[in-house]
Amino acid sequence: MARDTTRRPLHVLEMQTEFGVGGITKHVLALRDWMRGQGHRITLGGTSSFWAGKDTEPDYLELPTKYVSGIGGSLPARLMNLARAVWTLRRWLKRNRVDLIHAHESAPALVANLARKGLGIPLAVTYHGSEPSRIASFGGIARAADLVITPSHRSAEDLEKIGGVPRAKLKVLGLGVAPPPDDAPEEIAALRRELLGDGDRVVVTLARLEYQKGIDILIEAAQRIVKDHPGVRFAVAGDGVDEAKLKAQARALGVDRHVRFLGRVSRPHLYLRASDIFLLTSRWEALPFSIVEAFQAGIPAVATACSGVVELIDDQVGAVVPVGDVAAIAEAVGRIIADDALRKAMGRAALERSKLDRFDPDWVHRQFEETYDGLAWRG
């Protein structure tokens with residue numbers, strides 16, 4: 001779709017804590033590419049990592065936002081990095097005309113709000129989900145922004161009721177999920193044989209190996225599932241700080257033969273297409289990319305009921321289970337795995353659902369462009 005030529009091109013600073021692997025970075029980079037395709041200038045700002053940084057991105061502002069967040073260590077160290085980030089950003093903003101700043105997560109939002117003081121630059125902040133105990137603190141930072149964006153209605157309710165963000169400042173904007181690439185049937189079949197080994201069904205998850213994603217819960221559920229369905233194999237695609245601990249847990253529970261850790265994969269859709277069910281056992285989320293990617297692959301999804309998950313999954317396409325409820329997870333996966341007709345019907349319904357406008361990148365990113373234009377006009 002061509003850009004509305006009556007609008008002037010915008011210069012937007014997209015800020016993130018760290019441009020590492022994950023759904024937030026995927027969303028920011030997809031939005032960057034679409035906006036640039038419409039003639040806008042997009043500068044990325046934050047801490048360099050796997051997917052974007054000063055060495056790979058021509059329009060990039062390096063900031064120590066990662067070390068302003070909880071990973072930054074002691075409070076004095078985080079405050080020192082906050083001061084460095086604010087000073088660096090403010091100097092850059094004075095030298096570069098920016099129509100608005102869009103901060104993703106709380107650390108970049110805090111830095112941006114302090115750096116823009118007196119400069120008349122609008123600020124939008126996106127909430128991508130957090131531990132329930134952190135919603136109030138996020139709201140305290142987000143209230144200083146001109147607009148607070150979140151991809152799910154449930155998250156918007158949490159921000160209003162718990163975070164104290166005024167309803168007038170909240171806007172729900174979805175996440176555009178790019179159409180999947182083509183994968184050769186022979187390649188899918190070969191990967192499926194590899195993942196199955198001597199089993200008969202594959203359950204896959206795409207997740208970082210850290211506390212939020214609840215892979216420890218998945219391993220506990222796997223122990224229950226294989227008692228009744230010994231042919232089920234679990235493929236965990238992703239890496240992270242908890243890898244060694246999770247592998248040790250799988251060995252201790254006697255399911256290391258059933259749960260395979262694949263590491264980071266570059267072609268997630270290939271692994272989804274080679275599997276029977278997608279399983280997400282997160283402790284918190286906003287609106288996970290991976291569920292829509294599972295829909296695109298035509299497989300059912302079982303996921304824990306965090307925020308926007310309940311807006312994506314119903315009993316036509318899979319199952320939603322309580323967070324941390326190992327028995328409920330095992331029951332849902334076992335029920336779908338054991339019923340070929342049900343699983344195939346859910347897969348067909350999931351594929352159809354993936355075609356909704358709310359997941360179409362062009363439709364979603366057009367809404368972001370209109371939102372940006374309104375904020376820039378206000379600024």
| request: Please verify whether the stretch 174-184 includes one or more residues that are small (Gly, Ala, Ser), loosely packed, with under 13 Cβ neighbours inside 10 Å and under 30 Å from residue 352 (Cα atoms). | output: yes
| query | If you scan the stretch 312-333, which residues turn out to be surrounded by fewer than 18 Cβ atoms within 10 Å (Cβ to Cβ) and over 16 Å from residue 217 (Cα atoms)? | reply | 314, 315, 316
| said: If I filter the stretch 272-289 down to residues being surrounded by fewer than 24 Cβ atoms within 10 Å (Cβ to Cβ) and in a helix (DSSP H, G or I), which single residue comes out as modelled with the lowest pLDDT? | reply: 289
| query | What number of residues within the stretch 153-166 satisfy the criterion of being under 16 Å from residue 124 (Cβ atoms), in a helix (DSSP H, G or I) and free of Cβ contacts under 8 Å to residues at least 60 places away in the same chain? | reply | 2
| task | Read through the list (1) surrounded by fewer than 20 Cβ atoms within 10 Å (Cβ to Cβ); (2) of a type in the set (Asp, Glu); (3) outside any loop (DSSP other than H, G, I, E, B), then give the number of the only condition that residue 55 fails. | result | (3)
| request: Could you tell me whether any residue of the stretch 65-77 is outside any strand (DSSP E or B), of a type outside the set (Val, Ile, Thr), touching a residue at least 12 places away in the same chain (Cβ under 8 Å) and farther than 29 Å from residue 291 by Cα? | output: yes
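When the residues of the stretch 1-38 are filtered to those that are small (Gly, Ala, Ser) and under 23 Å from residue 179 (Cβ atoms), which remaining residue is modelled with the highest pLDDT?
37
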| remark: If we ask which residues in the stretch 319-351 are closer than 18 Å to residue 286 by Cα and either part of a helix (DSSP H, G or I) or of a type outside the set (A, V, I, L, M, F, W, C) (or both), their number turns out to be 2
| In the list 27, 11, which residue meets the criterion of being touching a residue at least 12 places away in the same chain (Cβ under 8 Å) and over 15 Å from the mean Cα position of the chain (by Cα)? | 11
| query | Out of curiosity, is residue 340 of a type outside the set (A, V, I, L, M, F, W, C), out of contact with any Pro (no Cβ under 6 Å at 6 or more places or on another chain), surrounded by fewer than 18 Cβ atoms within 10 Å (Cβ to Cβ) and modelled with pLDDT of 95 or more? | reply | yes
| field | Test: residue 130 is polar (S, T, N, Q) and in a loop (DSSP other than H, G, I, E, B) | value | yes
| query | When residue 186 is evaluated against the numbered criteria (1) in a helix (DSSP H, G or I); (2) of a type in the set (Asp, Glu); (3) touching a residue at least 60 places away in the same chain (Cβ under 8 Å), which criterion, by number, is the only one it fails? | reply | (3)
| query | Does any residue of the stretch 211-232 turn out to be assigned to a strand (DSSP E or B) and either crowded, with 21+ Cβ neighbours inside 10 Å or in contact with a Lys or Arg (Cβ under 9 Å, 6 or more places away or on another chain) (or both)? | reply | yes
| remark: Over the stretch 140-198, the set of residues under 30 Å from residue 260 (Cα atoms) and hydrophobic (A, V, I, L, M, F, W, C) is 175, 177, 178, 184, 188, 189, 190, 191, 195, 196
| remark: Counting only residues in the stretch 293-311 that are of a type in the set (A, V, I, L, M, F, W, C) and surrounded by fewer than 24 Cβ atoms within 10 Å (Cβ to Cβ), the one modelled with the lowest pLDDT is identified as 310
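The values are calculated or read from the model by the stated rules, or taken from the named source; none is laboratory data. Computed from a predicted structure; not experimentally measured. Neighbour counts run over all protein chains shown; Cβ positions are idealised from the backbone, glycine included.
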